[in-house]
Structure formats: C-alpha cells, structure tokens
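Each remark here refers to the structure printed beneath this line.
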Amino acid sequence: MPTTTWDPAKRASNLAKHGLDFLDAAEVLESRYRFDVPVVRGSESRTLSLAYANSVLRVLTLVHTTRSGRVRIISFRQASKAEREAYLEWLENIFDKS
C-alpha cells in the first residue's frame, strides 16, 4: 500500500466529528471490494472510496487524493444512505457478472 499522509488538525477534527481515525483508513484502501468514485472539488481531483469495514460492521467512505505519489486522506466517515445504496448496487453488479 502507498504511504498515507494527512493534516494532523484535520485528523483530530475528523476523529471528533465522525469517530474514525485516519490511521484506520487502510481497511478501506486495502479492501478487495472497494468502490472508487472520481470526484473534483475546486480544482483538485479526488477519489471517494466506499468499502465495508468488518471492524465497525458498516460501509465507510474515505475521501483521498494523490500528492507526490502518496495517498493524502481528506475525510473518513460512515457512508450516507445514498452512498450505501450505490455501494450495494455496485457489489450486486460485480457478483452478477461472476
């Protein structure tokens, strides 16, 4: 897995707001069943990654970008209802093709 980086203040605020630590984001990044959605915020290309996390028994959303060959974590939270539904639909499509 590539090296991950983040802003320490953003990590602390994310932990306080969402109860998820950027240190645990590897569970999403390394997931075999990760669904990546490219997004653009301002002029920055980002990736919204969705994956089921066994550690919390939920679908999680990780927003990240690549800077200087490193994965920069921007946000880490529980997936919204719409994101969960999109993730489940994506999974169904994967297994329908098998």
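The values are calculated or read from the model by the stated rules, or taken from the named source; none is laboratory data. Quick caveat, the model's predicted, so the values are computed rather than measured. Please note: Cβ atoms are built from the backbone with ideal geometry, for glycine as well, and neighbour counts cover all protein chains shown. The area values use the complete protein model at the heavy-atom level, side chains included, leaving out ligands, DNA and RNA. Shrake-Rupley method; radii C 1.70, N 1.55, O 1.52, S 1.80 Å.
Points worth noting:
- Mean-square fluctuations from a GNM of the chain, with a 10 angstrom spring cutoff on Cα atoms, peak among A82, A26, A12 at A82.
- On Cα atoms only, tilt of 81-97 relative to the major axis of the chain in degrees: 50
- Approximate spin-label separation R58-K17, in nm, with each point projected 7 Å along Cα-to-Cβ: 1.5
- Residues in the chain average 64 Å² of solvent-accessible surface per residue, probe 1.4 Å, ligands and nucleic acids excluded.
- The residue among V28, A12, F95 whose Cα reaches farthest toward the positive pole of the charge dipole of the chain, with charges on the beta-carbon of Lys, Arg, Asp and Glu, is A12.
- Mean residue ellipticity (222 nm) of the chain, computed from DSSP H runs ≥ 4 via -39,500 (n - 2.57), nearest 500: -10000 deg cm²/dmol
- Kirkwood hydrodynamic radius (C-alpha pairs) into Stokes-Einstein, the stretch 26-98, 20 °C and 1.002 mPa s, D in µm²/s: 167
- Gaussian network model of the chain, Cα within-10 Å springs - most flexible of E83, E30, E44: E44
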